[in-house]
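Just so it is clear, none of the values below were taken in a lab; they were calculated from the coordinates. Worth saying up front: this structure is predicted, and the values here are computed from it rather than measured. In this analysis, Cβ positions are derived from the backbone assuming ideal geometry, glycine residues included, and neighbour counts consider all displayed protein chains.
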Amino acid sequence: MKDKTGKQLSSNEIVTKGAKRIDAIVLEFSNLILIWIGHIPLHHVRRFFYRIAGMHIGKGSTIHTGARFYDIENIRIGEDSLIGENVVLDGREKLSIGNHVDIASEVMVYNAEHNFEAEHFAAIESVVHEPVVIKDYVFIGPRVIILPGVTIGRGAIVAAGAVVTKDVPDFAIVGGVPARVIGERKNKDLHYTLGRAAWFR
């Protein structure tokens, strides 16, 4: 038996590859179930199943419909945070979202990426994993992309459509591709709560 590069595999390599393939299929099926759960129109029900699947979700936090996850057990969301519709949250490495964080619709947070210099662009072995941290009172606008290894500081604001490739300082306002500092949040005494989420979103 040969692999996709034409290399002849030993019996041990065949068994190892077979086990990895089974693990991948189980993970893909689990993700499919989570996608289905993500369309249940009651956030209380979705949150219940996400917690059973291993995600830590703090008191009063809500994930709206259509969310997609990778390795949900590495995702931690603090209290009173709102996650918008159709977000992608990557848990292939630790993803920490703080308290009172407002993430708008269609935001994508990734903490793993391919090593494009790898000889065969392998799907697993060459993936680089780096944790992402989003601190308290952050607002992330619609369709933002956050790349691996980024920390977004307390009270920062990320403008819609930005691509965040490096750390964002506390209270900074960033925007653009790649995101850069375009301003600073004047109110630094943050103590608000985001409040009740809409039941059927």
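Rg/Rh for the range 38-184 to two decimals, with Rh computed the Kirkwood way over all alpha-carbon pairs.
Numbers: Rg = 14.9 Å, Rh = 15.3 Å.
Taking Rg over the Kirkwood Rh, I get 0.98.
Where nothing but the Cβ of Lys and Arg (+1) and of Asp and Glu (-1) is charged, how large is the charge dipole of the chain around its Cα centre, in debye to the nearest 20? Working shown, then result.
Numbers: 24 positive and 23 negative charges, 85 e Å.
Once rounded to the nearest 20, the dipole reads 400 debye.
Count the lysine pairs in the chain whose Cα atoms lie under 26 Å apart, taking only pairs 8 or more positions apart in sequence or on different chains.
Number of lysine pairs found: 18.
Only Cα pairs within less than 10 Å get springs; with that Gaussian network setup on the chain, which residue of Asp23, Asp189, Asp167 has the largest fluctuation?
Asp189
What's the local net charge at Val174, with K and R +1, D and E -1, over the other residues with C-beta under 15 Å away? Walk me through the numbers before you get to the answer.
Details: positive: Lys135, Arg143, Arg154, Lys166, Arg180, Arg185; negative: Asp167, Asp170, Glu184.
Net of charged neighbours comes to +3.
When Tyr137, Tyr192 are ordered from fewest to most other Cβ atoms inside 10 Å of their Cβ, what list results?
Tyr192, Tyr137
Roughly how tilted is helix 43-52, in degrees to the nearest 10 and between 0 and 90, from the longest Cα axis of the chain?
Taking the Cα atoms of the chain, the angle to 43-52 is about 40 degrees.
Against the longest alpha carbon principal axis of the chain, how many degrees, from 0 to 90 and to the nearest 10, is the axis of helix 11-37 turned?
30
Picking from Leu82, Ile152, Val26, whose Cα lies most toward the positive end of the charge dipole for the range 26-176 (charges on Cβ: Lys, Arg +1; Asp, Glu -1)?
Leu82
Below 8 Å between Cα atoms, with a sequence gap of 6+, how large is the relative contact order for the chain in percent?
Numbers: 492 pairs, mean separation 27.2, N = 201.
Relative contact order of the chain: 14 percent.
Using the Karplus curve 6.51 cos²θ - 1.76 cosθ + 1.60 with θ = phi - 60°, work out ³J(HN,Hα) for each residue of the range 69-79 in order, rounded to whole Hz, and write x for Gly and Pro.
In residue order, the calculated couplings are 10, 10, 6, 4, 5, 9, 9, 10, 10, x, 8 Hz.
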